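Right, one structure below, let's go through it.
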């Protein structure tokens, strides 16, 4: 007469109770941050089905409508409309999708390049190491915004270009971390054993090195999400990022800048969206970094 | 010790040389300045002549060597857009505005950041600590272009306490310096807080207390001295953040510095100015890192024996 639920726990309920335990172990700021982050991802993924209006076309009769809680505002446009009568809420939702796409793509590209360079440098050592690390030092010592601005101006504003530009700026951090971690384990017994048993270098890196250095790289990736969001927004603000009329949060702030005295919400709403998202990402990222690898605490400068 | 200094200076010079090559190549990729300068109505002969005048008909390695040789003698060419002024002169004229802004921001953020970090560490979980942690979180998350606009809106447009933009009097420095400094302030507060907490739990602080030193001396002298080392380590990064941030902050506040010059010249594809301004900024960057490295050797005796 063993209790059925403990004897054969239903998988879903186990996951749910696991999530419940995790939730209870978080303090309040972290709970709010996680909730915001989940909201961000949901909004970004399901954006096209959630937007109340078309984010790209507005009605000129409804130009510069203030937010609902302001005088003259209405719940038809909770966050008001911009100078072309486009619904700001819809644009924020569409902007979340842009932000998340850029984040995922950049982290995939920069992570792949950086990891490849870093593990190669750490694993092979010698001249490979020296040449590759010189390259990394060079990339690290170039002012980020300036490099992105130069590359952005060269390639012209386009969605693909901004992803490439930000990846080119950020890959070096993965390379440095991957090299350091690879150096730590490349002379471990199991790596030597794999080598003497005739496994090729590529296979050793893939099967034995990568799985062991992955946690450190995941930490870098989480700490970088906020950087990517701010960088994308900054470049779009400066006019070399996501080209209009796509509603990047950064270009929305740029659009609203000259209306700051008469229609503050054009600037404040998208800016708040950036601030809240990045704050949530940073809080969760720090907590995750602490759990995975406490030694990395304080690296997020 | 001398060996370390020579090595570091040598490395900095190599970095500078590599950087000049990268900048040269990048600025050659930004597009054709000839077409941009002459507009649509230009004849082929005009284009050919200007190409020749600018030296753009030479092979790239020759162009680079010419660029390098000229640069070493202080000749960075003349601006293509700003009435053929010498590029270097244009950049140097803008340098004081940027450096003074960065200096003001850095002095304030270091002072306030250390104060905040120490107070937060000795009164853990108090109101000061929570405020410090909040500043650290917001400061590292807020995009500076937006912060600048918000501060401008509150203090210049709504309250009318400070000018929206301009340059010359001390009032003009407040908002740009605050915008530029918040990220660094957040970072320093965070660093000092965590290293102070570590220091306060250490053996030598226990010893200092057992010796009967006053609490003020223990905290502000013994614990703080060791907590400042990570701040010095990141000083180069902070300076870099300030220079990089200058591009955005100067653009928002119409500050007449090299950051805005960089932005404007990149957008107008003014090759000679782009090269010069980016080279000047990266040189500052490399020099700052070199200075930090050397300072580190001076401050931390443990570093002297290392290569």
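The values are calculated or read from the model by the stated rules, or taken from the named source; none is laboratory data. All values derive from a computational prediction rather than experimental measurement. We place every Cβ from the backbone using ideal geometry, glycine too, and count neighbours over all the protein chains shown.
Tabulated data
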{"quantity": "Hey, residue A:219 within 22 Å of residue A:274 (Cα to Cα), away from chain B (no Cβ under 14 Å), crowded, with 18+ Cβ neighbours inside 10 Å and modelled with pLDDT under 85 or not", "calculated": "yes"}
{"quantity": "Residue list for the stretch A:148-162, filter: over 24 Å from residue A:176 (Cβ atoms) and within 8 Å of another protein chain (Cβ to nearest Cβ)", "calculated": "A:153, A:154"}
{"quantity": "Helices (runs of 4 or more DSSP H) wholly inside the stretch A:111-224 that include at least 2 residues being closer than 30 Å to residue B:267 by Cα and out of contact with any strand residue (DSSP E or B) (no Cβ under 8 Å at 6 or more places or on another chain)", "calculated": "A:126-140, A:144-155, A:159-185"}
{"quantity": "Output for the stretch B:236-250, where each listed residue is within 11 Å of another protein chain (Cβ to nearest Cβ) and touching a residue at least 60 places away in the same chain (Cβ under 8 Å)", "calculated": "B:238, B:239, B:242, B:243, B:245, B:246, B:248, B:249"}
{"quantity": "Residue list for the stretch A:66-93, restricted to those being buried (at least 20 other Cβ atoms within 10 Å of the Cβ) and part of a loop (DSSP other than H, G, I, E, B)", "calculated": "A:67, A:77, A:79, A:80, A:82, A:86"}
{"quantity": "In the stretch B:119-139, the residues that are surrounded by fewer than 22 Cβ atoms within 10 Å (Cβ to Cβ), away from chain A (no Cβ under 14 Å) and either under 30 Å from residue B:270 (Cα atoms) or in contact (Cβ under 8 Å) with a residue 24 or more places away in the chain (or both)", "calculated": "B:122, B:124"}
{"quantity": "Condition check for residue A:108: away from chain B (no Cβ under 14 Å), in contact with a helix residue (DSSP H, G or I) (Cβ under 9 Å, 6 or more places away or on another chain) and assigned to a helix (DSSP H, G or I)", "calculated": "yes"}
{"quantity": "Output for the stretch A:246-261, where each listed residue is touching a residue at least 12 places away in the same chain (Cβ under 8 Å) and not in a helix (DSSP H, G or I)", "calculated": "A:246, A:247, A:248"}
{"quantity": "Residue identified as more than 24 Å from residue B:146 (Cα to Cα), touching a helix residue (DSSP H, G or I) at 6+ places or on another chain (Cβ under 7 Å) and crowded, with 20+ Cβ neighbours inside 10 Å among B:276, B:244", "calculated": "B:276"}
{"quantity": "Qualifying position, being more than 30 Å from residue B:1 (Cβ to Cβ), part of a helix (DSSP H, G or I), touching a residue at least 40 places away in the same chain (Cβ under 8 Å) and within 12 Å of chain A (Cβ to nearest Cβ), among B:290, B:261, B:284", "calculated": "B:261"}
{"quantity": "Candidate set: the stretch B:7-38, residues that are more than 11 Å from chain A (Cβ to nearest Cβ) and under 13 Å from residue B:67 (Cβ atoms); chosen: the one modelled with the highest pLDDT", "calculated": "B:20"}
{"quantity": "Residues (facing chain B (nearest Cβ under 8 Å), part of a helix (DSSP H, G or I) and free of Cβ contacts under 8 Å to residues at least 24 places away in the same chain) located in the stretch A:262-280", "calculated": "A:267, A:268, A:271, A:275"}
{"quantity": "Of all residues in the stretch B:149-166 being more than 10 Å from chain A (Cβ to nearest Cβ) and touching a residue at least 40 places away in the same chain (Cβ under 8 Å), the one that is surrounded by the fewest Cβ atoms within 10 Å (Cβ to Cβ)", "calculated": "B:166"}
{"quantity": "Any hit, the stretch A:227-237, residues being modelled with pLDDT under 85 and either over 18 Å from the mean Cα position of the chain (by Cα) or within 11 Å of chain B (Cβ to nearest Cβ) (or both)", "calculated": "no"}
{"quantity": "Qualifying residue in the stretch A:282-290 (condition: outside any helix (DSSP H, G or I) and more than 9 Å from every other protein chain (Cβ to nearest Cβ))", "calculated": "no"}
{"quantity": "Failed criterion for residue B:230 (all others in (1) in a helix (DSSP H, G or I); (2) facing another protein chain (nearest Cβ under 10 Å); (3) closer than 23 Å to residue B:80 by Cα hold)", "calculated": "(3)"}
{"quantity": "Selection status of residue B:142, closer than 30 Å to residue A:286 by Cβ, under 25 Å from the mean Cα position of the chain (by Cα), at pLDDT 85 or above and surrounded by fewer than 18 Cβ atoms within 10 Å (Cβ to Cβ)", "calculated": "no"}
{"quantity": "Qualifying residue in the stretch B:229-236 (condition: under 20 Å from residue B:21 (Cα atoms) and crowded, with 19+ Cβ neighbours inside 10 Å)", "calculated": "no"}
{"quantity": "Residue selected from the stretch A:126-140 under the condition touching a residue at least 12 places away in the same chain (Cβ under 8 Å) and more than 10 Å from every other protein chain (Cβ to nearest Cβ), by the criterion surrounded by the most Cβ atoms within 10 Å (Cβ to Cβ)", "calculated": "A:136"}
{"quantity": "Residue among B:91, B:104, B:118, B:110 that alone is over 19 Å from the mean Cα position of the chain (by Cα) and either in a helix (DSSP H, G or I) or farther than 28 Å from residue A:227 by Cα (or both)", "calculated": "B:118"}
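The rows are residues; the columns are (1) under 19 Å from residue B:122 (Cβ atoms); (2) within 12 Å of chain A (Cβ to nearest Cβ); (3) over 29 Å from the mean Cα position of the chain (by Cα).
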| residue | (1), (2), (3) |
| --- | --- |
| B:169 | no, no, no |
| B:194 | yes, yes, no |
| B:209 | yes, no, yes |
| B:222 | yes, no, yes |
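So that you can scan it fast, the table gives a plain yes or no per residue for (1) at pLDDT below 85; (2) away from chain B (no Cβ under 14 Å):
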| site | (1), (2) |
| --- | --- |
| A:115 | no, yes |
| A:142 | yes, no |
| A:146 | yes, no |
| A:164 | no, no |
| A:191 | yes, yes |
| A:195 | yes, yes |
| A:201 | yes, yes |
